[in-house]
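Encoded as structure tokens, the structure appears first; notes follow it.
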Amino acid sequence: MEEQAFNSKPGGDAGNSAFIQQNLPNANTILVLGILSIVFCWWKLISFAGIIMGIITLVLARKEIMLFNAAPQNYTISSLNNVRTGRTCAIIGLIISVVIFVLAVLFLIGFLATLPFWGMIG
């Protein structure tokens with residue numbers, strides 16, 4: 001009797017000594033959105049989609065990392081690595097998307113400023 005109580009884990013069954021870890025709930029979603037934020041960052045005005053995906057990915061990754069830190073024994077390291085990789089991709093995609101979006105807007109403003117019509121107004 002004492003041996004069973006000694007081998008039992010909190011919240012677990014004394015007969016079941018193996019504890020099954022699970023993946024973080026949104027690990028794969030974060031990885032896919034992070035990669036897509038890089039994919040969508042290269043086109044001028046569509047880079048806005050990369051900005052949105054990057055922000056969503058960063059918010060989800062923060063929640064998943066907090067969930068892992070609350071109970072690391074419940075989740076696999078591979079799912080945490082997916083979250084970290086997705087977060088890194090999202091940061092890269094977000095930075096490139098913002099730069100390309102700003103350049104596209106500046107190019108559009110510069111193009112509109114050089115039109116002959118605008119010179120006649122002033």
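The values are calculated or read from the model by the stated rules, or taken from the named source; none is laboratory data. Worth saying up front: this structure is predicted, and the values here are computed from it rather than measured. Heads up, the Cβs are rebuilt from the backbone with ideal geometry, glycines too, and the neighbour counts pull from every protein chain shown.
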*asked:* Cβ-Cβ distance below 9 Å, separation of 6 or more or different chains: which pairs start in segment 48-63 with a residue that is basic (Lys, Arg) and end on one that is modelled with pLDDT of 95 or more and assigned to a helix (DSSP H, G or I)?
replied: Arg62/Arg87
*asked:* Quick test for you: out of Leu103, Leu108, Leu60, pick the one residue that is assigned to a helix (DSSP H, G or I) and in contact with a helix residue (DSSP H, G or I) (Cβ under 8 Å, 6 or more places away or on another chain).
replied: Leu60
*asked:* Against the definition (out of contact with any Leu (no Cβ under 6 Å at 6 or more places or on another chain), surrounded by 18 or more Cβ atoms within 10 Å (Cβ to Cβ) and in a helix (DSSP H, G or I)), how does Ile65 come out, yes or no?
replied: no
